[in-house]
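The values are calculated or read from the model by the stated rules, or taken from the named source; none is laboratory data. None of the values given here were measured: they were computed from a predicted structure. Note that we place each Cβ from the backbone using ideal geometry, even for glycine, and neighbour counts take in every protein chain shown. With ligands, DNA and RNA removed, areas are computed over all heavy atoms of the protein, side chains included. Shrake-Rupley method; radii C 1.70, N 1.55, O 1.52, S 1.80 Å.
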Amino acid sequence: MVAIRNIMDSQKDKDVTIRTQKPGDAGYIAYRHCVLYEKEYGLGGTFEHYVLDSFAKYIEHRPAGEIWVAECNGQIVGSIGIVSTDKSTAQLRWFLIEPEFRGIGLGRQLMIRAVDYCKQKKFSRVFLWTIQSLKISHHLYSSFGFIPVEQAVNNTWKKGVVEERWELLLKPA
């Protein structure tokens, strides 16, 4: 079974392409966030509103930034976005890898795109919000130099959820 999984995983890696967002992607990415976060973390309707609202604001105001989409055989299997919050600061958003594509380096590839974009655009700081229970994601963020700088209990989506703000300081332009 392990050999079969390794063969399948290596095929997944070869079939995955990364591209920038096109029309229709935001709705699908929001949908998958809501479905997966409900299934994996029990976050419900208020989380859905939060995700949909963030995409609506991004689409309406079009701040500086970019969204990358990972596809396998025409199916979206991952995403990550960067949104400018001011001239020197960007927020990493909408980072998601479908469960069957986790552990093959796709998250790292998307993080590289996002961080390289921030460097290219000369942002001096990048931040993200996450929840405390996402330990594997925290390991990935740490490997890119992000550090946790703030922590707060948020009962909006589910009682007892601990949110964390992580920041990455980039070299000044």
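Contact order, relative form, for region 32-82: 22 percent (alpha carbon pairs under 8 Å, 6 or more residues apart, mean separation divided by residue count).
Using a 1.4 Å probe over the heavy atoms of the protein chains, calculate the carbon and sulfur portion of the accessible area of the chain as a whole percent. Intermediate values should be presented prior to the final figure.
Details: 5300 of 9680 Å².
Percent of accessible area from carbon and sulfur atoms in the chain: 55.
Would you mind working out the accessible area per residue for the chain, using a 1.4 Å probe, and quoting it in Å²? Spell out each step's value before the answer.
On the way: 9680 Å² over 173 residues.
Per residue, the chain has an accessible area of 56 Å².
Beyond 12 Å, what percent of the Cα pairs of region 121-172 remain? Value for region 121-172: 65 percent of Cα pairs lie more than 12 Å apart. Applying the criteria of a DSSP loop state and at most 15 other Cβ atoms within 10 Å to the chymotrypsin sites (Phe, Trp or Tyr not before Pro) of region 98-153 yields Phe144. Principal axis analysis of the Cα atoms in the chain yields extents of 47, 40, 32 Å, listed in decreasing size.
Close amide-amide hydrogen proximity is noted between Ala64 and Ser84, each under 5 Å apart and 5 or more residues distant or on a separate chain (H modeled in the peptide plane; Pro and chain starts excluded). With the simple spin-label model, which puts each label point 7 Å out from Cα in the Cβ direction, the Glu163 to Val149 separation comes to 1.6 nm.
Distance cut-off 30 Å, Cα to Cα: go down the list Lys39/Lys87; Lys57/Lys158; Lys22/Lys159; Lys135/Lys171; Lys122/Lys159 and report the pairs above it. From Lys39/Lys87; Lys57/Lys158; Lys22/Lys159; Lys135/Lys171; Lys122/Lys159, over 30 Å: Lys39/Lys87; Lys22/Lys159; Lys122/Lys159.
Relative contact order, whole percent, for region 49-173 stands at 19, derived from Cα pairs under 8 Å and 6 or more residues apart. Residues with beta-carbon under 9 Å from that of Ile131, excluding Ile131: net charge, scoring Lys, Arg +1 and Asp, Glu -1? For residues surrounding Ile131, the net value is -2.
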